[in-house]
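A short write-up of the structure that comes next.
Just so it is clear, none of the values below were taken in a lab; they were calculated from the coordinates. For clarity, every value in this text was computed on a predicted model and none was experimentally measured. Methodologically, a virtual Cβ is constructed for each residue, glycine included, from the backbone with ideal geometry; neighbour enumeration extends over all protein chains shown.
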Amino acid sequence: MPLRILIVPDKFKGTLTAHAAASAIAAGWRKARPGDQVTTLPMSDGGDGFGAVLGELAGARRQHTRTVDAAHRPLHGLWWQDRSAKTAIIDSAGIIGVAMLPAGKFHPFQLDSFGLGKVMRAAAKTGATSGIVGIGGSATNDGGFGLARALAWRFFNKNWEELKEWWRLHELDRVRPPRPLPWKLTVAVDVANPLLGPKGCSRIYGPQKGLRPQDFKLAEKCLSRLAAVLKKQHGIDCAEDAGTGAAGGLGFGLMAFAGARMESGFDIFARCARLDDRIGESDVVITGEGRMDHQTYMGKGVGQIAQRCRKLGVPCLALAGVILEPARARRLFAQTRSLTEITNLERAQSEAGPHLCELAREMAKRFHPSHSSHKSP
């Protein structure tokens, strides 16, 4: 009897987009079970690929704006415009993302979020009255300082010298705001870290972007000064809010300089995709990501898919590049398979698409319809 299969993977970071992963899994499953009804639904919880996923769900049009990347190299920045809802959808990773830079060439003190602000201004000028920004995957640790400058905020030291590098923010004395953009902004986040402190952006995520332990003191001093001056002069007090430490403090910057509100990136995706309805209409759900680890089990995107499936009584299968703590994975998912079961890590990364297709074919071949009889009556 044909089954209704819903394929909802996240990206396989560094190897496959969520769309490419979904296509590979679907192709493999169809090889073994051609009679099944297979539907793909690429997922993002706010990181790389968020714009493409949400833009497709909204039927939004692709737009390009001249801007710069995190190192201020010229770039045609991609974003999506939903004209019916007057909403701009922006993916930070595609503008100031760490994956866009040559590894090791730039230090975070040389990078900022200016290019993202330029795209936001351009989007606002098209008549958009609302915006959704996914901020995962950024290369920056500037607390949104560059973004603010692009939005016409100005920063001065005691000598009225204008500050244009975020690593000089420890000199900050005055901040001059511009006229605010006439739209409502939502920030898609997938972490709850505050801006400062031991769980703040510099110490937790800075090393992934090139910050060294000896850089932490200056980075913290700069962002702390920025938060203190904004609080004193403009009553902006959000540095301790959950998510302000996301994307190198970009969460803080968007709240402070653009009046944004935070929302779980996965919740935004789930709402736009009518995820619970789609799961409920399926016999089997297949999800996956490049690396299943403690974040998966603690409720990041792929883990949340499994939890919703369990609540709705639908079996959830998972495919991954690598699975850490496989015993925990087996408790969360009905079945799990990893690329490293059929090839070595190097080939799993360099030839992820074909191997994921083969892994899905194997899973489908061994799958029996009785495995889908977990639905609640």
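In the chain, helices alone account for a calculated mean residue ellipticity at 222 nm of -11000 deg cm²/dmol, with every DSSP H run of four or more residues adding -39,500 (n - 2.57).
Over all pairs of distinct alpha carbons, what does the Kirkwood formula give as the hydrodynamic radius of region 50-266, in Å?
Values: mean 1/r = 0.0593 Å⁻¹.
Value: 16.9 Å, from the Cα pair sum.
Between the listed residues 54, 290, 323, the Cα displaced farthest toward the positive end of the dipole of the chain, a dipole computed from Cβ unit charges relative to the Cα centre, is found at 54.
Scan the chain and report its longest stretch carrying no trypsin sites (Lys or Arg not before Pro) that are both in a DSSP loop and have at most 15 other Cβ atoms within 10 Å. Don't jump to the answer; show the numbers that get you there.
Numbers: sites that count: 83, 86, 105, 158, 164, 199, 274, 375.
Longest gap between qualifying sites, sites excluded: 275-374.
Past 27 Å, Cα to Cα: identify those pairs from 11/209; 232/300; 199/300; 158/217; 11/311; 13/209, in the order given. Beyond 27 Å: 232/300.
Ranking 135, 84, 113 by how far each Cα lies toward the positive end of the dipole of the chain (charges on Cβ) leaves 84 at the top. Overall, region 50-266 carries a charge dipole of about 560 debye about its Cα centre when +1 sits on the Cβ of Lys and Arg and -1 on the Cβ of Asp and Glu, all other atoms neutral. For region 78-123, the Stokes-Einstein estimate of translational diffusion at 37 °C and a viscosity of 0.692 mPa s comes to 274 µm²/s, using the Kirkwood hydrodynamic radius over alpha-carbon pairs.
Two decimals, Cα atoms only, Kirkwood Rh: what is Rg/Rh over region 117-245?
Details: Rg = 14.9 Å, Rh = 15.5 Å.
A ratio of 0.96.
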